[in-house]
Ligand code: FES
């Protein structure tokens, strides 16, 4: 293989790997919902949980939201049509940002795990996550800060 063919082969491999990594990244990207903040609560439309994918309808298990007043995002889990939990995704052990893993959260720093209701599943964290009161109406979820 001459130098030109070697560079061409390496370039094609790099593009392929980049595409593969990019694809994996897209599939694991968490969805940030739009919110409205009125000074006391964040409003999130229930429709933010819907996924419209080529006429198939499905729902997200959770969405993330941000507030300028908080250093970490809040995760909202849908437990039923009228029941949601809103949790600050800051680990109660040493303050790392948690990663959603389906219906539970894991800490990349030392491995603590929490349920979708914020309860400690695995140490070293000993304290449950900070949670926020949620209320709903037919259209919206309200997270009371
Ligand atoms: S900061 Fe999360 S387990 Fe230590």
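Miscellaneous remarks
- Cα gyration tensor category, rounded, prolate or oblate, for region 35-113 with a/c compared to 1.5: oblate
- For a paramagnetic label modelled on residue 69 (point 7 Å from Cα along Cα→Cβ), amide N atoms under 14 Å away belong, within region 106-145, to 132-133, 143-145.
- Exposure proxy shown here: for 109, 91, the number of other Cβ atoms within 10 Å sets the order, fewest to most, as 109, 91.
- Going from the fewest other Cβ atoms within 10 Å to the most, the residues 31, 84, 37 appear in the order 31, 37, 84.
- Taken along the Cα-to-beta-carbon direction at a fixed 7 Å, the label points for residue 139 and residue 45 span 0.9 nm.
Here, each number is a calculation from the coordinates, and none is a lab measurement. Keep in mind that what you see is a predicted model, and the values were worked out from it rather than measured. Reconstructed Cβ throughout: ideal geometry from the backbone, glycine too, with neighbour counts over all protein chains shown.
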